[in-house]
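Novice: Please see the structure below; I have some questions.
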Amino acid sequence: MAEKTVPGLFMGYAGKGKKLYLSFDDGPHPTITPFVLNELRKYNAKATFFCIGENVVKYPEVYRQILEEGHVTGNHTQQHINGWKSADEIYLNDINQASVLIDSSAFPAPLWQDQSLPDPEAHPGKREREQGMANCNVEYSGR
């Protein structure tokens, strides 16, 4: 699906096996998320949506649609603050605020911050690549 939606996206990537784990960050969004859900439905595919609490409040019907269609959601904080540049107390409070709104039981926070990396500035996808997984970001400008 991703290759058909964004041709050339995986050009040159030699993964292991035939699994693709899709995740979408920073939603729900009133136009992009329904588009993504429609595309996933066409291929009977599931994904993980890392949601921002403020967006869940703004677009609760889109968030409900994600859950009703059987996708997994994760906590991407309340206000999308930078966890590397914020004081621990502020960052954890932001996560806790969002946890009231977002069902993220599949991803206990802060799972996405890999504490096993020796250098916090090291690329967080290194282990995934070694295991044959790809991490890609597709930016959408709305144009």
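Novice: Per-residue counts of other Cβ atoms within 10 Å, averaged by peptide: what ranking do you get for 46-53, 62-69, 79-86, highest first?
Specialist: Ranking, from highest mean packing down: 46-53, 62-69, 79-86.
Novice: Then there is this: For Leu22, which sequence-distant residues (separation of 5 or more, or a different chain) have an amide H within less than 5 Å of its own amide H, given hydrogens modelled in the peptide plane?
Specialist: Thr48
Novice: When only Cα pairs under 8 Å and 6 or more residues apart are kept, what is the percent relative contact order across the stretch 40-108?
Specialist: Relative contact order here is 36 percent.
Novice: In the neighborhood of Gln79, defined by Cβ-to-Cβ distances under 15 Å, what is the net charge if each Lys or Arg adds +1 and each Asp or Glu adds -1?
Specialist: Surrounding charge for Gln79 is -3.
Novice: With θ set to phi - 60° and the Karplus curve 6.51 cos²θ - 1.76 cosθ + 1.60, what are the ³J(HN,Hα) couplings of the stretch 21-26 in order, to the nearest whole Hz, using x for Gly and Pro?
Specialist: 9, 9, 9, 10, 10, 6
No lab work stands behind these numbers, since they all come straight from the coordinates. These numbers come from a predicted model, not from an experiment. When we count neighbours, we look across all protein chains shown, and the Cβ atoms used for this are built from the backbone with ideal geometry, even at glycine.
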